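Reviewing the structure listed below.
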Amino acid sequence: MANLLRPATWGLFSWRGYCSRGTQGRLSAGFVEALKAIVGSPHVSTAAVVREQHGHDESMHMCQPPDAVVWPQNVEQVSQLAALCYGQGVPIIPFGTGSGLEGGVCAVQGGVCVNLIRMDRILELNPEDFSVVVEPGVTRKALNTHLRDCGLWFPVDPGADASLCGMAATGASGTNSVRYGTMRDNVLNLEVVLPGGRQLHTAGRGRRFWKSAAGYNLTGLFVGSEGTLGLITAATLRLHPVPEATVAATCAFPTVQAAVDSTVHILQAAVPVARIEFLDEVMMDACNRHSKLNCYVAPTLFLEFHGSEQALAEQVQRTEEVIRHNGGSHFSWAKEAEERSRLWAARHNAWYASLALWPGCKGYSTDVCVPISRLSEILVQTKEDLEAWRLTGSASLPRAPGAGRGGAGAAALSFGPPGTVVGHVGDGNFHCILLVDPEDPEELLRAQAFAEQLGRSGRSGRRGGAAGRGARGEGAPAERPFRLPPRRALALHGTCTGEHGIGLGKRQLLLEEVGVVGMETMRQLKATLDPRGLMNPGKVL
Ligand SMILES: Cc1cc2nc3c(=O)[nH]c(=O)nc-3n(C[C@H](O)[C@H](O)[C@H](O)COP(=O)(O)OP(=O)(O)OC[C@H]3O[C@@H](n4cnc5c(N)ncnc54)[C@H](O)[C@@H]3O)c2cc1C
């Protein structure tokens, strides 16, 4: 019934709202009617503008629209949709809020985008068991608003207000993960519609235990599967008690090394820090401008502590000692809820703060994670690379009124669209947000080369950067002797993605990370669950 004709035209560097070249196939009128019969006419669209909205996420991956978008309202409808599409050989692409950063929702072979956002009920709250069951359209902020009066909260907090099932699908994490874990640690059970339409409860129907030794860990298999194994239609999540008291702080450091050393020393001192986030001086400056903060512009840590008043006093004292020992200064403590919210809102808006530094540019985010012992090494080298690749800022940037005082940031903003560094450093995870001019193919290549380390022939501990200084407008980035973040992370026993996932762009890096046997095992699992390869094709593997 479905006649899908399309070349594989996906790739990087097209933007929200822009639809790539390439012929999208057409679903037959009969197939579209069959979709409408399942979910109702108002919940199906084949309009170009709607398809384009669903053909991309927040990343720089090229828009690849699906052939139709459907909005099911319950799990039975999702099952019927899956059975229909699978039976007719039509790709199925699950869609949460589209905030992903690895092109996970791009319909590289067309097909039907299943937007789950209208399934937005909180199905079951079990405060005494610290658990909640949510449908896929519930976002993290909506859940925490719902939980406001019951003394519990859900701590995993990516910068975007993503859907909780999308977060499960990508294995997301956030600023609280150093204390409370990532989605991998906080999903207890998943309801999944498998490609043919059958419903699976990964830990058994209705179960919400904290530990189990019963068979294979199916929940773990689906967390981070990026829509390639099935559609998550409900998630049972672990909740945490709201801490009695909270205090947040910022402090500045003379160097990146000093900030990272402090992070490691705080963890080594067994301070149960709830959040510890790094911002380099360029990012700090960007956040000052965007969120009207007035922090000193330097490599900075944002910290937060949770506990009883007494425990907090001790945590704060030990942390201050460590930080002062490492040359930290400009402490600013935030105790009031409003002040803390302002600080963390600024941190969560770091992506948009970066984009605002250079209007018209697009953001390209790297996302590596290394063992904590290698963190300072990779961060310091990465900062050097940003400089060598002239990705540290422009003198022409207008300084916003009230922008940060003094510090290294002002000096760093000297040329080119700036690259910023921000990280969940307590987990060994950080991002470079590279700003690139979408109209400048050279710059696009340079950013891609930086992110993927095309210049892989060279040594890892490069110094000097003469090659890089000539990079803007001279020669191919591929010739440069760098070992840039993802492959450098792999060389340091880390991973090419701490939280954004593999999506479209990191499949080669996944192979390098897990090896041939690892990839074959993943492919076999995929083939068992999705023998026709129709669940979100082109992603992960
Ligand atoms: C400003 C900003 C800050 C961010 N900060 C972070 C961060 O700190 N940490 C972090 O981890 N991420 C971060 N992200 C990335 C993004 O928010 C996460 O990847 C998030 O988990 C995606 O959720 P979503 O609902 O938007 O999913 P989408 O983008 O809609 O989809 C992402 C992938 O999951 C699949 N999927 C979605 N829903 C389902 C479902 N119900 N069943 C099966 N598959 C599904 C899709 O097919 C796709 O492959 C950030 C993004 C932005 C824009």
Set L35, L81, L27: member being modelled with pLDDT under 95 and within 11 Å of V112 (Cβ to Cβ): L27
Scope region 78-107; condition more than 9 Å from the ligand (Cβ to nearest atom) and open to solvent by 10 Å² or more (accessible area, probe 1.4 Å); matching residues: S79, Q80, A83, L84, Y86, G87, Q88, G89
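Results for (1) farther than 30 Å from E244 by Cα; (2) of a type in the set (S, T, N, Q); (3) in contact (Cβ under 8 Å) with a residue 60 or more places away in the chain; (4) crowded, with 21+ Cβ neighbours inside 10 Å, shown as yes or no for each residue.
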site: W333; (1), (2), (3), (4): no, no, yes, no
site: R347; (1), (2), (3), (4): no, no, yes, yes
site: S354; (1), (2), (3), (4): yes, yes, yes, yes
site: T366; (1), (2), (3), (4): yes, yes, yes, yes
site: V380; (1), (2), (3), (4): yes, no, yes, no
site: K383; (1), (2), (3), (4): yes, no, yes, yes
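Kindly establish whether I266 is within 16 Å of the ligand (Cβ to nearest atom) and surrounded by 17 or more Cβ atoms within 10 Å (Cβ to Cβ).
So I266 does not fit the description; no.
Can you confirm whether region 122-131 contains a residue that is within 16 Å of the ligand (Cβ to nearest atom) and open to solvent by 30 Å² or more (accessible area, probe 1.4 Å)?
Within region 122-131, the subset within 16 Å of the ligand (Cβ to nearest atom) is 122-123.
Cutting the leftovers down to open to solvent by 30 Å² or more (accessible area, probe 1.4 Å) gives us 122-123.
Looking for residues that are within 16 Å of the ligand (Cβ to nearest atom) and open to solvent by 30 Å² or more (accessible area, probe 1.4 Å), one finds at least one in region 122-131, hence yes.
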Residue tally, condition in a loop (DSSP other than H, G, I, E, B) and within 12 Å of the ligand (Cβ to nearest atom), over region 108-117: 3
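Results for (1) open to solvent by 10 Å² or more (accessible area, probe 1.4 Å); (2) in contact (Cβ under 8 Å) with a residue 24 or more places away in the chain; (3) among the polar types (S, T, N, Q), shown as yes or no for each residue.
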{"residue": "G230", "(1), (2), (3)": "no, yes, no"}
{"residue": "T233", "(1), (2), (3)": "no, yes, yes"}
{"residue": "C251", "(1), (2), (3)": "no, yes, no"}
{"residue": "I276", "(1), (2), (3)": "no, yes, no"}
{"residue": "R289", "(1), (2), (3)": "yes, yes, no"}
{"residue": "K292", "(1), (2), (3)": "yes, yes, no"}
Residue match in region 61-74 (condition: surrounded by fewer than 20 Cβ atoms within 10 Å (Cβ to Cβ) and not β-branched (V, I, T)): yes
Where L301 falls short, out of the listed (1) away from the ligand (no atom under 16 Å from the Cβ); (2) part of a loop (DSSP other than H, G, I, E, B): (2)
Which listed residue, of V105, V69, V90, is farther than 18 Å from G501 by Cβ and in a loop (DSSP other than H, G, I, E, B): V90
Filter result (out of contact with any Cys (no Cβ under 7 Å at 6 or more places or on another chain), part of a helix (DSSP H, G or I), more than 16 Å from the ligand (Cβ to nearest atom) and closer than 14 Å to T250 by Cα) within region 323-359: R324, E339, R340, S341, R342
Helices (runs of 4 or more DSSP H) contained in region 162-261 and holding at least 1 residues small (G, A, S), within 12 Å of the ligand (Cβ to nearest atom) and more than 28 Å from R532 (Cα to Cα): 177-180
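The values are calculated or read from the model by the stated rules, or taken from the named source; none is laboratory data. The model shown is predicted, which means the values in this text are computed figures rather than measured ones. So basically every Cβ, Gly included, is an ideal-geometry build from the backbone, and we count neighbours across all protein chains shown. Protein only, heavy atoms only, side chains kept; ligands, DNA and RNA dropped before computing areas. Shrake-Rupley method; radii C 1.70, N 1.55, O 1.52, S 1.80 Å.
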